[in-house]
Structures are given as C-alpha cells and as structure tokens.
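Undergrad: There's a structure below that I have some questions on.
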Amino acid sequence: MNYLVPFLLFKNLIVIVNPLLVALIYLHLRPKIKEEQKRVEVFQIFLVSSLLGLMVSFFGKGILHFLGLSIDYIKMAGGLMIISSAWGMLGRKDKYEDSRSAALSKSIINPIVIPICMGGGTISIILTTTASLPFQVGVIFSTSTAIILTYGLTALCCYFGEYLKKFVGDNIIEIFTILCAFIMLAIGLTMVIEPIKALWLAPAQ
C-alpha cells in the first residue's frame, strides 16, 4: 500500500494545483513579462512551492500533535476547501480566474505560490497523505519526489504557458478545467465523508 501512496499524492496534487490553470493565471498576471524575469519568477514558483510542500510533509504531523489537532478534522476542513474551489471552477470560469488573480496579487510570497500552489486544500492533501506513513528513507524520497514533480510541472506550464495556450486551445483547457473540478469534488467529498463514516461506525466496532 505504501508504494502506491506517492503516486496517489502526485495524482491528487496535480488535480488540486491544476498546472494548466495556474499557467493561465500567471499569463493574466504577467502578460508582457521579459524572458529573464519570467525565468526568475518561474524558478521562484518551483522553489518556494516545493520547499513549503516538503516542510508540510516533514513537519506537519508534529505540528498537528503539538496543537492537539486530529488528522480527521484536518482532512474534513481540507475537503470542504477543495469542494469550495471545485464549485467555483464549475461556475463561471472568468469570474473564478479573476477572483483567484485578485487573491494572488495580495500574496506576500511570489504571487502565484499562495493561495494556489500551496493553498489550504493542497496542504491538507499533503498532510493527510503523509501523516500515516512511516518515517523511512524510501517513503520520504518517494513522497518528496511526488511533491517536487508536481511543482516542477507547474513551473514548466507557467514558463511555456503562452505556447500551451496556443497549442491546446481555450476549449480543451476549459474541458480539462471542468474535468479537474469534478475530480476535485470527488476528492473533497471523500475527504469529508471518510472521517464521518469512521466516527459513525466506531462505536459499532
């Protein structure tokens, strides 16, 4: 089972982060950016997002124990946030992108990193996936690789976003976004329902 966890983490992160949508928002925020500045910003997106993801993976469980928080409650909260984001994606796409762009422009770190690349839903996915794993070299390496690959792909999409938009087209991007939204809804509902189901069935066991 542990061997499948890194793949599941990578799959869920790709759906939640949605590199294509991040690239579109980056194009909206930086429409006429110079090539040299774009390389710097894209590297910042990769580096800061990866570091934050790795920090959550390594220290998140200890922080939860310190604060006395249950992983089930974190999973439910993250699931609700993912459902909210997915519902916004299924609504009017232009309003959704504008709202996310406005939130991004207020970010203290690189404006694309928070709240998209490392938002509440993403943090919850990393926490709930890695919290139950043993502290072993192989597990640490595989989960870290999943996180780094996710943000490496996101950075590449941001760098080549203009070419991707021309090559893929708006219709395909919109279809992909809607598909990701449905998958996000499924992930969010699962994260909310599983802890409730476990608590409901606990007395019977």
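Undergrad: Neighbour counts of other C-beta atoms within 10 Å: give me MET184, MET76 arranged from fewest to most.
TA: Starting with the residue having the fewest Cβ neighbours, the order is MET76, MET184.
Undergrad: Listed here are the pairs LYS34/LYS75; LYS11/LYS166; LYS61/LYS197; LYS11/LYS165; LYS34/LYS61; LYS11/LYS61; which of them are more than 31 Å apart at the Cα?
TA: In this structure, LYS34/LYS75; LYS34/LYS61 exceed 31 Å between Cα atoms.
Undergrad: Evaluate the distance, in nm, between pseudo-label points positioned 7 Å from the Cα of ALA186 and of PHE66 along their respective Cα→Cβ axes.
TA: Between ALA186 and PHE66, the label points sit 3.7 nm apart.
Undergrad: Between SER84 and LEU8, what is the label-point separation in nm under the 7 Å Cα-to-beta-carbon projection?
TA: In this crude label model, LEU8 to SER84 measures out at 2.6 nm.
Undergrad: Are there trypsin sites (Lys or Arg not before Pro) in region 22-54 that DSSP marks as loop and that have at most 15 other Cβ atoms within 10 Å, and which are they?
TA: LYS32, LYS34
Undergrad: Moving on. Can you run phi through the Karplus equation (6.51, -1.76, 1.60; θ = phi - 60°) for region 120-127 and list ³J(HN,Hα) in whole Hz, with x for Gly and Pro?
TA: Taking θ as phi minus 60°, the curve returns x, x, 5, 4, 5, 4, 5, 4 Hz for region 120-127.
Undergrad: Residues with amide H under 5 Å of LEU133's amide H, sequence separation 5 or more or different chain, H placed in the peptide plane at 1.01 Å from N; which?
TA: Under 5 Å from the amide H of LEU133: no residue qualifies.
Where a number appears in this text, it was derived from the coordinates with a stated rule and is not lab data. Here the structure is a predicted model, which is why all the values come from computation and not from measurement. Counting neighbours? That spans all protein chains shown, and the Cβs are built from the backbone with ideal geometry, glycine included.
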